[in-house]
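Here is the structure we will look at.
The values are calculated or read from the model by the stated rules, or taken from the named source; none is laboratory data. Nothing here was measured: the structure is a model prediction, and the numbers come from that model. A quick note on method: Cβ atoms are made from the backbone with ideal geometry, for glycine too, and the neighbour counts reach across all protein chains shown. Quick note on the areas: whole protein, heavy atoms, side chains included, nothing else; ligands and nucleic acids left out. Shrake-Rupley method; radii C 1.70, N 1.55, O 1.52, S 1.80 Å.
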Amino acid sequence: MLTNTLIYFLYGLAFFSMGLLVALEGGRSSDERLRKALRPLAGFGLVHGVHEWLTMFDDLLVQLGHLSHPYLVGVELAMLAFSFLSLAAFGSFLLAKTETAQRVSLIVPLTLETIWVFGLAVFFGKYSSADMLNLAEVWTRYVLAIPASILAAIGLVAQQRAFRRAGLVRFGQDSLWAAVAFGWYGLVGQLFTPQSLLFPSTVLNEVLFTNIFNFPIQIFRAVTATAASFFV
């Protein structure tokens, strides 16, 4: 439907705008640690925004009676995973107070990536290619999106305290609200996934969310994405 197309467009626009602004303005921070942390956040915003626009294009093809191109689905999955790995890098970097800790913090996204790849390899041996389409997306949201969003929220809370200690109260408030937005985006927005053979998506899925709240989970993601982008 055209409604879904508009939702995907606005969702993508929110994160792409955030990524673009962070990329342009993030280098002006006087805090070197914050400058470094903002680079993967910019990557997350830009890549995730383009991913949602590709999903919008894919949805339009389906509405016009065309099948999703397998290469397009693969590109979408890779971009989705890369965006959330970047978000995890942002959160873990914010929590690293020393230069040594900053280098070690790279282990977090690398560990998540290893678990993600290993899980996909196991699933390819157990499920048919038709079942793998939804299952791969669900696995990506469970293993990458939820931990990455929580890490970003925790990192932003830590940054809020740093701002307050420096007397930057307004920045601290914005950081806290961005943490709240990322928290809701991860804990709720990524928990209700497409229905698949992977538990708990057999129960907690987009259909259940729509039945309970009478609007699709994509709207919730778009609202929390807009809020996160605004405060960032």
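Below is a table of values for the structure above.
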| item | result |
| --- | --- |
| Hz values of 3J(HN,Hα) by residue in the stretch 19-26 - Karplus curve (6.51, -1.76, 1.60), Gly and Pro given as x | x, 5, 5, 5, 4, 7, 9, x |
| Cα→Cβ-extended label distance, 7 Å offset, between THR210 and ARG170, nm | 4.3 |
| Portion, in percent, of the accessible area of the chain that falls on carbon or sulfur, probe 1.4 Å | 71 |
| Residue-level accessible surface for ARG141, protein heavy atoms, 1.4 Å, Å² | 10 |
| Listed residues LYS36, LYS126 arranged by accessible area, highest first, probe 1.4 Å | LYS126, LYS36 |
| The chain, helix-only ellipticity at 222 nm - DSSP H runs n ≥ 4, -39,500 (n - 2.57), divided by all residues, nearest 500 | -26500 deg cm²/dmol |
| Relative contact order [Cα under 8 Å, 6+ residues apart], the chain, whole percent | 20 |
| Simple label model, 7 Å out from Cα along Cβ direction - LEU24 to ALA121, nm | 4.3 |
| Separation of the LEU197 and THR5 label points, Cα + 7 Å toward Cβ, nm | 3.4 |
